[in-house]
1. Which count do you get for residues in region 90-107 that are at negative phi and modelled with pLDDT under 80?
2. Select from region 146-156 the residues that are more than 12 Å from the chain's Cα centre (by Cα) and touching a residue at least 40 places away in the same chain (Cβ under 8 Å) and write down the one among them that is nearest to N102 (Cα to Cα).
3. Would you mind stating whether A54 is part of a loop (DSSP other than H, G, I, E, B) and of a type in the set (A, V, I, L, M, F, W, C)?
4. For region 102-118, check the following and say yes or no: at least one residue is under 24 Å from P53 (Cβ atoms), crowded, with 20+ Cβ neighbours inside 10 Å and not charged (D, E, K, R).
5. Out of all the residues in region 14-25, is one or more surrounded by 11 or more Cβ atoms within 10 Å (Cβ to Cβ) and either modelled with pLDDT of 95 or more or in a loop (DSSP other than H, G, I, E, B) (or both)?
6. When the residues of region 29-78 are filtered to those that are within 17 Å of A148 (Cα to Cα), among the hydroxyl-bearing types (S, T, Y) and out of contact with any helix residue (DSSP H, G or I) (no Cβ under 6 Å at 6 or more places or on another chain), which remaining residue is least open to solvent (accessible area, probe 1.4 Å)?
7. The conditions are (1) within 19 Å of I34 (Cα to Cα); (2) open to solvent by 80 Å² or more (accessible area, probe 1.4 Å), and I81 fails exactly one of them. Which is it?
Amino acid sequence: MEILIPGLILVGFMVWASTRIKRNAARAFEREEIETPEFSLTKPDGFLAVAEPAEGLLFSAYSKEFGTGAAEAVRRATAEIVTFPAASFEDAVTRAKGGSGNTIEEDFGVVNETKYVNLISEHSLNGVGLLVHTKCYFTGSSAIQLSATCISEYSAELGPKIEEMLMSFKIK
């Protein structure tokens, strides 16, 4: 009897802690408005924004799920923001296109005297087809680029979420 009561208290505490952890983890994948001194964007639900992105990145996020088959080690979608200091507009567009991809769509424009390009290109990584959506702003002496990569077979499901992120991406 002396062990039963502390055991029940311990089990109750473990259930409470587990529920709280699961709830907080689920909240991390909810839709979120992200504001930094450099940019703002809407992170759609189903993506987790990395608290401290890798060196050289301003922002990094990934989907909860992985691919299947040959893509089982690849996230269904990822997103990154990087800056290119001292880049010309032509250099920024070349970097946005990547070297080995097939450009499907290309859209150039100007917003508040800031040039931008939207690109969609096809790439392959270890036999896995990828669609890369890129939005790159050129600020006069540097470029800031959002790239969202999605496994091709999930583009119908994740495309609207990636489009929401790209449309909401603004530089300051």
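1. Filtering region 90-107 for residues at negative phi gives 90-97, 99-107.
Checking which are modelled with pLDDT under 80 leaves us with 92, 95-97, 99-101.
Matching residues across region 90-107 total 7.
2. Initial filter on region 146-156 (more than 12 Å from the chain's Cα centre (by Cα)): 151-156.
Okay, now just the ones that are also touching a residue at least 40 places away in the same chain (Cβ under 8 Å), so 151, 153-154.
On the way: I151: 15, E153: 17, Y154: 18 Å.
Selected residue: I151.
3. On the way: part of a loop (DSSP other than H, G, I, E, B): yes; of a type in the set (A, V, I, L, M, F, W, C): yes.
When the stated conditions are applied, A54 passes them.
4. Restricting attention to region 102-118, the residues satisfying the condition of being under 24 Å from P53 (Cβ atoms) are 114, 116-118.
Those still in the list that are crowded, with 20+ Cβ neighbours inside 10 Å too: 116-117.
This time we only want the ones that are not charged (D, E, K, R), so: 116-117.
Within region 102-118 (the criterion being under 24 Å from P53 (Cβ atoms), crowded, with 20+ Cβ neighbours inside 10 Å and not charged (D, E, K, R)), the answer is yes, since at least one residue qualifies.
5. The initial filter retains those residues of region 14-25 that are surrounded by 11 or more Cβ atoms within 10 Å (Cβ to Cβ), namely 25.
Of the ones still in play, those that are also either modelled with pLDDT of 95 or more or in a loop (DSSP other than H, G, I, E, B) (or both) are none.
The answer is no, given that none of the residues of region 14-25 is surrounded by 11 or more Cβ atoms within 10 Å (Cβ to Cβ) and either modelled with pLDDT of 95 or more or in a loop (DSSP other than H, G, I, E, B) (or both).
6. Top of the filtered list is S63.
7. (2)
The values are calculated or read from the model by the stated rules, or taken from the named source; none is laboratory data. This is a predicted model, so every value here is computed, not measured. Every residue, glycine as well, gets a Cβ built from its backbone with ideal geometry; the counts of neighbours run over all protein chains shown. Heavy atoms of the whole protein, side chains included, go into the accessibility calculation; ligands, DNA and RNA do not. Shrake-Rupley method; radii C 1.70, N 1.55, O 1.52, S 1.80 Å.
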